[in-house]
Structure formats: structure tokens, C-alpha cells
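The values are calculated or read from the model by the stated rules, or taken from the named source; none is laboratory data. As the structure is a prediction and not an experimental result, all values here were calculated from the model. Methodologically, a virtual Cβ is constructed for each residue, glycine included, from the backbone with ideal geometry; neighbour enumeration extends over all protein chains shown. Areas reflect the complete protein model, heavy atoms only, side chains present, ligands, DNA and RNA absent. Shrake-Rupley method; radii C 1.70, N 1.55, O 1.52, S 1.80 Å.
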Amino acid sequence: MRTVVTGAALVLVLALGAAAEEKTITLPPDHAYARLIPGPGNEQTQQQCRFCHSTDYIVMQPQGDAKQWGGIVTKMIKVYGAPISEADAKAITEYLATTYGPPK
């Protein structure tokens with residue numbers, strides 16, 4: 001019986017040690033067509049959005065106004081848990097609406 005308890009304790013210790021290891025992933029580079037257009041708010045957009053996904057997802061979206069882009073940014077924060085500050089969310093929304101908005 002003592003061998004079984006000791007074996008179970010060893011398995012638990014090994015499992016906890018493996019869980020404590022830091023894990024990282026390397027995202028593939030963005031495609032050339034997905035380079036974001038320069039402009040005010042580009043830096044926040046690059047930094048915050050690429051934390052979770054490539055810029056491909058941004059440039060493939062239908063062109064939208066500030067209301068549409070604001071909804072997408074809000075969804076990223078509230079549904080997917082994107083750690084974006086209110087100030088950055090506003091800058092990102094303005095950048096996307098201005099740069100990737102409907103033609104004028």
C-alpha cells in the first residue's frame with residue numbers, strides 16, 4: 001500500500017512541476033498585404049491587436065464606420081478578454097474607422 005501512495009505522490013509532483021513551466025508560442029509573420037496603413041493609432045492597433053491575432057484579420061474585415069469598428073473592439077475586450085485600456089480602445093477604433101472605413 002505504501003508503494004501505491006508514494007507512486008501517486010510522485011505523479012502529482014511531476015504533474016505540478018510540468019504545469020509550472022512557462023509556455024510560449026511564436027505567431028507566424030503577417031502577410032505582406034496585411035501591413036497596416038500608417039496613421040494616428042497605428043501603433044496601438046499593431047501592439048494591442050497582434051497580441052491575439054495577426055493583422056490579416058483586420059484588413060479582411062468589411063469596411064466600416066466608427067460604430068462598426070467600435071463594436072468589434074468592444075467584442076474583443078468583453079467576449080475574448082483582450083486587455084485593452086479605454087484610451088487604447090478609442091485610439092484603435094478611430095484609427096480603424098478612419099483608415100479602414102467606408103470610402104468617402
Checklist entry - Which aspartates and glutamates have a Cα lying under 15 Å from the Cα of Lys90, excluding residues fewer than 8 positions away in the same chain? => result Glu43, Asp65
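Compare Asp56, Asp30 by solvent-accessible area with a 1.4 Å probe and give them largest first, with all protein chains kept in place.
The most accessible residue leads, giving Asp30, Asp56.
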Next on the checklist: If I model a spin label as a point 7 Å beyond the Cα along the Cα-Cβ vector, how far apart are those points for Val79 and Cys52 in nm?
Outcome noted: 0.9 nm
Item to check | Two-site label geometry, Met60 and Ile37: point separation in nm, points 7 Å out along Cα→Cβ | outcome: 2.0 nm
Checklist entry - Within a Cβ distance under 11 Å of Gly70, other residues only, what is the Lys/Arg minus Asp/Glu net charge? => result +1
Checklist outcome for this item: Measure of exposure for Ile37: accessible area at 1.4 Å probe, Å² rounded to 10, is 80 Å²
Checklist entry - What is the sum of charges around Ser85, taking Lys and Arg as +1, Asp and Glu as -1, for the other residues whose C-beta is under 15 Å from the C-beta of Ser85? => result -2
